[in-house]
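Rule-based calculations on the coordinates, nothing more; no lab input. Since the model is a prediction, treat every value here as computed from it, not as a measurement. Here Cβ is always computed from backbone atoms with ideal geometry, including for glycine, and neighbour counts include all displayed protein chains.
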Amino acid sequence: MEFRATREAYGMALVDLGKKDDRVVVLDADLSGSTKSKEFQKQFPNRFFNMGIAEANMTGVAAGMALTGLKPYASSFAVFITGRAFEIIRQSICYQNLHVVLCGSHSGISVGEDGGSHQAIADISLMRSLPNMKVIVPADYNETYLAVLESANIEGPVYIRTSRAKSPVFIEKNKFELGKADVLRHGNNVTVVACGMMVSLVLDAAKLLEKEGISVEVVNASSVKPIDRGTIVESAKKTGRVITIEEHTIIGGLGSAVSEVLMKEYPTRVLRIGIEDVFGESGTKEDLFCKFGFTKEVIAKKIEEFLNG
Amino acid sequence: MEDFGGLEHIAKEIRKDVLVMLNKAKSGHSGGSLSVVDILVALYFGGIMSYNPKSPSWEDRDRVVLSKGHACPALYAILAKAGFYEKDLLWTLRKLGSPLQGHPDARKLPGVDASTGSLGNGITQAVGMALAARVLKKKYKVFCIMGDGELQEGITWEAFMAASHYKLSNLIVIVDFNGLQIDGKVMDIMNISPLKEKFEAFGFRTYEIGGHVYKNLIDTLITAKRNVVSPTAIIARTVKGYGVSFMANRVEYHGVPPSNQELEKALKELDNGV
Ligand SMILES: Cc1ncc(C[n+]2csc(CCOP(=O)(O)OP(=O)(O)O)c2C)c(N)n1
């Protein structure tokens with residue numbers, strides 16, 4: 001199995017977008033080596049703008065560029081671009097429904113040692129709550145690459161969430177479709193809807209449970225907004241029980257998005273797995289995933305308990 | 001002339017602790033921790049600050065806000081040396097469950113006056129503490145240590161404006177002016193100069209000094225403490241990675257710890273006073 005960080009795909013895709021379209025411009029806030037936007041800078045130095053450590057100004061500048069017809073991509077750590085710049089994203093980007101693509105890297109607790117101040121745990125909620133914003137949380141390197149390419153064709157603002165840590169590369173498809181979830185594994189007993197790095201973990205947990213005769217349907221909901229209502233409702237009708245899992249607070253993120261769909265269209269028992277209204281902390285990614293229950297064993301146990309409960 | 005050999009010796013030991021901590025943690029910020037050491041040594045051991053390690057939340061203590069929170073290994077080593085906790089705690093830096101978080105956490109570690117790490121957030125809290133002294137009728141000073149790159153954040157200038165508007169003479173801002181940030185030189189990424197003039201225009205009494213020269217640091221800090229009319233800014237010219245030849249002025253060592261080999265070399269250099 002190959003392991004790569006999703007943030008690397010962001011840099012690669014930016015370069016390919018830059019080759020195709022000279023209206024693509026890239027902005028960063030002194031983290032271009034970490035977010036990987038530096039790859040674009042190397043190829044297109046005249047279309048790259050380092051705005052310094054000033055995320056709020058960076059997003060406003062991106063909005064201004066979009067008003068002239070350019071296609072800006074702006075990146076920083078997820079916690080800073082969605083947090084420090086939130087109000088600018090709301091007023092200047094979303095309110096005008098401008099085509100600006102924001103990339104938040106170093107999301108979730110997999111940031112590791114930098115600790116709670118640097119671990120974005122509410123970025124999906126923040127971005128999802130804004131009208132016009134689309135939210136994409138790709139499951140691996142391949143899907144990130146495809147999502148970034150596709151973002152050029154999406155109208156209005158887009159938020160793409162990437163990760164610092166390497167994770168398995170396993171998604172096989174040729175195109176990312178906004179608003180479409182993929183059933184990666186078919187099952188009858190329970191539906192697990194996941195996004196980001198959690199998807200491969202859930203697939204591993206499903207394999208463990210298969211041995212115990214539990215058949216898990218795994219849905220990759222990388223398009224968190226808009227969310228694929230059809231696929232989720234159809235799966236819920238089949239299994240009757242739904243679990244969501246995300247490397248994010250359980251308040252307002254994927255779990256909420258899925259619950260909102262089911263509440264309206266097919267009321268079903270839902271268990272939300274994620275970060276339970278606490279901040280992250282320092283530690284290796286592995287230690288933190290153990291502490292927060294993001295291991296295939298703990299996930300399998302939670303699925304089993306939910307089915308028995 | 002006064003002899004600052006004692007402080008220089010402490011600084012050398014602190015730099016060694018910082019490098020060992022970072023090496024054991026296998027991650028963290030070497031360059032900006034090394035550049036800020038002399039500023040912190042002057043504050044904590046140069047007779048500038050009142051604090052009591054036995055009573056970390058003593059209400060009358062002078063406050064330190066490390067607004068460039070990523071340099072916390074230096075602060076952690078200083079607080080251990082000052083007696084806030086056992087030195088052994090230093091080797092748990094960045095490990096699961098350690099109070100020595102990757103960025104300072106005031107709820108977890110005694111001696112840390114404010115949680116920081118997201119740049120720009122320290123100075124605003126420092127302004128709040130300085131303003132609070134007026135309400136509480138306290139005489140404490142607030143020392144806020146900032147990066148030069150950090151000054152690109154707009155919020156820092158909102159804070160300076162407020163500090164000056166409210167004539168917070170108990171606020172002393174010290175800029176660790178090492179000329180580098182992450183992606184390159186501050187002047188190339190987003191120029192902040194002319195900095196002295198900017199601070200002066202914002203109403204700060206401003207000094208520009210050598211940030212590794214104890215006489216300069218101590219004299220200026222004493223003068224700043226006597227200022228009763230306006231906030232003070234001290235632009236301390238420093239070298240990122242100071243004290244270790246192969247890290248000095250090298251942007252590559254911003255967020256990288258020393259390897260085992262590099263650690264050995266660095267410790268030797270510090271001992272021999274290269
Ligand atoms: C709001 C915010 N944006 C980005 C970062 C990431 N970051 C950490 S350190 C740093 C560079 C800081 O440069 P400077 O203030 O000059 O500190 P020094 O060079 O002394 O380490 C950046 C961009 C951050 N911590 N906070």
Residues of B:87-96, mean number of Cβ from any other protein chain within 10 Å of their own Cβ, rounded to a whole number? 3
Which of A:LYS134, B:LYS108 has the fewest Cβ neighbours within 10 Å, and the rest in rising order: B:LYS108, A:LYS134
One computes Rg over Rh for chain A from alpha-carbon atoms, with the Kirkwood Rh, and obtains 0.97
Rounded to the nearest 5, the percent of antiparallel DSSP beta bridges in the range B:168-274 equals 10 percent
About the Cα centre, charge dipole magnitude for the range B:5-272 (Lys/Arg +1, Asp/Glu -1 at Cβ), debye: 680 debye
Relative contact order of chain B: what whole-number percent is it, with Cα pairs under 8 angstrom and at least 6 residues apart? 24 percent
As a check on your grasp of the helix formula, calculate [θ] at 222 nm for chain A: sum -39500 (n - 2.57) over DSSP H runs of n ≥ 4, divide by the residue count, round to the nearest 500. -11000 deg cm²/dmol
Rounded to the nearest 10, the angle in degrees between the Cα long axis of helix B:30-45 and the longest principal axis of the Cα atoms of chain B comes to 60 degrees
Roughly speaking, what is the stretch gain from B:ASP3 to B:SER27, that is 0.36 nm per residue apart minus the C-alpha to C-alpha distance, in nm to one decimal? 5.1 nm
Label-point gap, in nm, between A:GLU155 and A:LYS237 - each point 7 angstrom along Cα→Cβ: 2.9 nm
At 25 °C and 0.890 mPa s, what whole-number value in µm²/s does Stokes-Einstein give for the translational diffusion of the protein assembly as shown, with Rh from the Kirkwood sum over Cα pairs? 98 µm²/s
Any chance you could check the Cα centroid distance between the range A:102-151 and the range A:1-56 for me, in angstrom? 15 Å
Could you state the angle between the C-alpha long axis of helix A:229-239 and the longest principal axis of the C-alpha atoms of chain A, as a value from 0 to 90 degrees rounded to the nearest 10? 20 degrees
For the range B:5-272, compute Rg over Rh where Rg is the Cα radius of gyration and Rh is the Kirkwood radius from the inverse mean 1/r over Cα pairs. 0.94
Extending each Cα 7 Å along its Cβ direction at B:LYS185 and A:ASN97, get the distance between those two points in nm, one decimal. 4.7 nm
If amide hydrogens are placed 1.01 Å from N in the peptide plane, which non-local residues have theirs closer than 5 Å to the one on A:LYS71? A:VAL24, A:VAL25
Using only atoms on other chains, find how many Cβ atoms lie within 10 Å of each Cβ of peptide A:46-53 and report the average. 5
Could you work out how far helix B:260-272 tilts from the main Cα principal axis of chain B, as a 0 to 90 degree angle to the nearest 10? 70 degrees
Here is the link list: B:LYS24/B:LYS268; B:LYS16/B:LYS185; B:LYS54/B:LYS81; A:LYS225/A:LYS264; A:LYS166/A:LYS301; B:LYS95/B:LYS185. Which ones come out longer than 19 Å on Cα distance? B:LYS16/B:LYS185; A:LYS166/A:LYS301; B:LYS95/B:LYS185
Please identify the trypsin sites (Lys or Arg not before Pro) of the range B:49-94 that satisfy two criteria: DSSP loop assignment and at most 16 other Cβ atoms within 10 Å. Which are they? B:LYS54
Find how many whole Å separate the alpha carbon centroid of the range B:115-151 from the alpha carbon centroid of the range B:66-92. 19 Å
Sum -39500 (n - 2.57) across every DSSP H segment of at least 4 residues in chain B, then divide by the residue count to get the 222 nm mean residue ellipticity, nearest 500. -13000 deg cm²/dmol
Tell me which residues come under 5 Å, amide H to amide H, from B:THR206 once H is placed; ignore anything under 5 positions away on its chain. B:ALA233
Report, largest value first, the span of the C-alpha coordinates of the range A:182-308 along each principal axis, in whole Å. 40, 33, 24
Where GluC sites (Glu not before Pro) fall in DSSP loop in the range B:84-183, at most 13 other Cβ within 10 Å: B:GLU86
Per 10 Å bin, what is the whole-percent P(r) computed from every C-alpha pair distance within the range A:3-168? 12, 46, 37, 5, 0
Which is the longest run of chain A containing none of the GluC sites (Glu not before Pro) found in DSSP loop states (not H, G, I, E, B) with at most 16 other C-beta atoms within 10 Å? A:3-154
Average partner chain C-beta neighbours within 10 Å, per residue of B:189-195? 3
Stretched fully, the stretch from B:LYS139 through B:ASN260 gains (0.36 nm per residue minus C-alpha distance, one decimal, in nm) 39.0 nm
Please identify the chymotrypsin sites (Phe, Trp or Tyr not before Pro) of the range B:72-162 that satisfy two criteria: DSSP loop assignment and at most 14 other Cβ atoms within 10 Å. Which are they? none
Can you check what the Kirkwood hydrodynamic radius comes to for the range A:234-297, Cα pairs only, in Å to one decimal? 12.9 Å
